[in-house]
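**Q** Here it is, the structure in full.
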Amino acid sequence: MFRRKMYDVLLDWKSRSQGRTAMLVEGARRVGKSTVVEEFARREYRSYILVYFAEASRDVRELFDDVSDLDYLFLQLQLRYSARLFDGESLIIFDEVQMCPRVRQAVKQLVRDGRYDYIETGSLVLIHRNTRDILIPSDEERARMRPMDLEEFLWARGGDATVPLLRQAFASRRPLGERLSRKLMRDFRLYMLVGGMPQAVDALLRTNDLLAVDDVKRVIVDLYEEDMHKISLSDKLPVNLGMVYENVVAQELTAHGRRLFYHTWPKPGTTRNYKIDFIVPDGKKVSPVEVKSSNYRTHASPDAFCGKYSSRVGRRYLVYTKDLDRDGAVDCIPTYMSAFL
């Protein structure tokens, strides 16, 4: 299993909650929710039961229609899954919980019983739609799991020290040198090509073949299209490197807890707009971020933004494909450091 940051989130929940809440790990399909939760159960508990509702029998689903007799419920689960549960030392996993909405309604009673811990996993596209008529428990915490970010991708390839060292360089604003920066940009572009889906990363490590990686991603895309069949999907996507770089920077910011904000306003005397790709907090101020898919350092929009809101602006950032640098008042940041903004 790949090292994932969600594991640390679950460790913190277990230590802090002490069984007083259940945890719902929600996210898109194939981001690794089930894998990390089962690995967590295997390492951190004396025993566990995994109820996979995508394949569970009707009898198992019907167990949760009436949870007034929990002794009977737990006995049935232990017999059906050939696993023994221990008070205060066992975990029950409800995998793909959106397939059995009654389970989420039962969580409140299960948690208050206090015998075991509970983790649910669910796919974002379906979980909210399938629980419209269900009373969602207040005894439930939620954690959003996303595809592997750049740091997790580098961990998978053996680069455990890379991101901490980059964070030091970012904090000191010291350039890394053209040769090293080119190497890091190659790593970042490989991450862009492969993406953060664990199966695609696994295909890269096993085969070192981007065609094999592409085959894996096509299967995942087909699954997504099945989930979103009610949404009109266009047959063609124009190749726009600017859009690709903006999206991967958005993923990095989101993976590190940043909410995504942007800003547009009209250019005087024209029909076009100024556009700030991202706005990030900077103490009591905000910092505009412009993303470039090349090494160009033009930054008309951030300059205009700073002129318009000068008293509210902290640092100014240009994210591009070259080494750390400074252009006047603008910090030029290589794309592989975008997570530190």
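**Q** Name the single residue, out of those in segment 276-302 being free of Cβ contacts under 8 Å to residues at least 24 places away in the same chain and over 23 Å from the mean Cα position of the chain (by Cα), that is surrounded by the fewest Cβ atoms within 10 Å (Cβ to Cβ).
**A** Checking each candidate, the answer is Lys284.
**Q** Still on this model: Pick out the one residue from Leu110, Leu135, Leu124 that is within 17 Å of Val25 (Cβ to Cβ), in the same structural domain as Tyr48 (by TED's automatic domain parsing) and modelled with pLDDT under 90.
**A** Just a single option satisfies the conditions, and that option is Leu124.
**Q** May I pose another question? Would you confirm, using the coordinates I've provided, whether Thr270 is without any contact (Cβ under 8 Å) to a residue 40 or more places away in the chain, assigned to a strand (DSSP E or B) and surrounded by fewer than 17 Cβ atoms within 10 Å (Cβ to Cβ)?
**A** Here the answer is no, as Thr270 does not meet what is asked.
**Q** Answer yes if at least one residue in segment 39-54 is part of a helix (DSSP H, G or I), surrounded by 17 or more Cβ atoms within 10 Å (Cβ to Cβ) and touching a Leu at 6+ places or on another chain (Cβ under 8 Å), and no otherwise.
**A** For segment 39-54, residues part of a helix (DSSP H, G or I), surrounded by 17 or more Cβ atoms within 10 Å (Cβ to Cβ) and touching a Leu at 6+ places or on another chain (Cβ under 8 Å): present.
**Q** What residue, of Leu154, Leu85, is closer than 30 Å to Lys183 by Cβ, of a type outside the set (D, E, K, R) and modelled with pLDDT of 95 or more? Break it down into steps so the answer makes sense when it comes.
**A** Numbers: Leu85 fails: closer than 30 Å to Lys183 by Cβ.
Criteria check complete, one pass: Leu154.
**Q** For segment 201-215, which residues satisfy the criterion of being touching a helix residue (DSSP H, G or I) at 6+ places or on another chain (Cβ under 7 Å) and over 21 Å from Glu151 (Cβ atoms)? Give the steps one after another, and end with the answer.
**A** Pass one, segment 201-215, residues touching a helix residue (DSSP H, G or I) at 6+ places or on another chain (Cβ under 7 Å): 201, 203-205, 210, 212-213.
Result: Leu210, Ala212.
**Q** Hey, another quick one. How many residues are among the β-branched types (Val, Ile, Thr), in contact with a strand residue (DSSP E or B) (Cβ under 6 Å, 6 or more places away or on another chain) and touching a residue at least 60 places away in the same chain (Cβ under 8 Å) when one looks only at segment 1-57? Don't jump to the end; show me each part of the working.
**A** Step one: filter segment 1-57 for residues among the β-branched types (Val, Ile, Thr), giving 9, 21, 25, 31, 35-37, 49, 51.
Checking the rest, the ones that are also in contact with a strand residue (DSSP E or B) (Cβ under 6 Å, 6 or more places away or on another chain) come to 9, 21, 25, 31, 37, 49, 51.
Narrowing the set further to residues that are touching a residue at least 60 places away in the same chain (Cβ under 8 Å) leaves 9, 21, 25, 31, 37.
So the answer is 5.
**Q** Tyr118: in contact with a helix residue (DSSP H, G or I) (Cβ under 7 Å, 6 or more places away or on another chain), in contact (Cβ under 8 Å) with a residue 60 or more places away in the chain, not aliphatic (A, V, I, L, M) and not in a loop (DSSP other than H, G, I, E, B), yes or no?
**A** Numbers: in contact with a helix residue (DSSP H, G or I) (Cβ under 7 Å, 6 or more places away or on another chain): yes; in contact (Cβ under 8 Å) with a residue 60 or more places away in the chain: yes; not aliphatic (A, V, I, L, M): yes; not in a loop (DSSP other than H, G, I, E, B): yes.
Considered against the rule, which asks whether it is in contact with a helix residue (DSSP H, G or I) (Cβ under 7 Å, 6 or more places away or on another chain), in contact (Cβ under 8 Å) with a residue 60 or more places away in the chain, not aliphatic (A, V, I, L, M) and not in a loop (DSSP other than H, G, I, E, B), Tyr118 comes out as yes.
**Q** Sticking with this structure for a sec: Go through segment 304-321 and give me each residue that's over 15 Å from Thr264 (Cβ atoms) and touching a Lys or Arg at 6+ places or on another chain (Cβ under 9 Å).
**A** So the first thing to find is which residues in segment 304-321 are over 15 Å from Thr264 (Cβ atoms), and the list is 306-307, 310-321.
Within segment 304-321, Cys306, Ser311, Arg312, Val313, Gly314, Arg315, Leu318, Val319, Tyr320, Thr321 meet the criteria.
**Q** Now, a different point. Can Arg29 be described as under 25 Å from Leu77 (Cβ atoms) and assigned by TED's automatic domain parsing to the domain that holds Pro101? Show your work before the answer.
**A** Details: under 25 Å from Leu77 (Cβ atoms): no; assigned by TED's automatic domain parsing to the domain that holds Pro101: yes.
So Arg29 fails the test.
**Q** While we're on this one: So, Tyr296, is that one outside any loop (DSSP other than H, G, I, E, B) and assigned by TED's automatic domain parsing to the domain that holds Pro175 or not?
**A** Details: outside any loop (DSSP other than H, G, I, E, B): no; assigned by TED's automatic domain parsing to the domain that holds Pro175: yes.
No; evaluated as a whole, the condition is false for this residue.
**Q** Separate question: Out of (1) part of a loop (DSSP other than H, G, I, E, B); (2) modelled with pLDDT of 90 or more, the odd one out for Arg61 is which?
**A** (1)
The values are calculated or read from the model by the stated rules, or taken from the named source; none is laboratory data. This is a predicted model, so every value here is computed, not measured. So basically every Cβ, Gly included, is an ideal-geometry build from the backbone, and we count neighbours across all protein chains shown.
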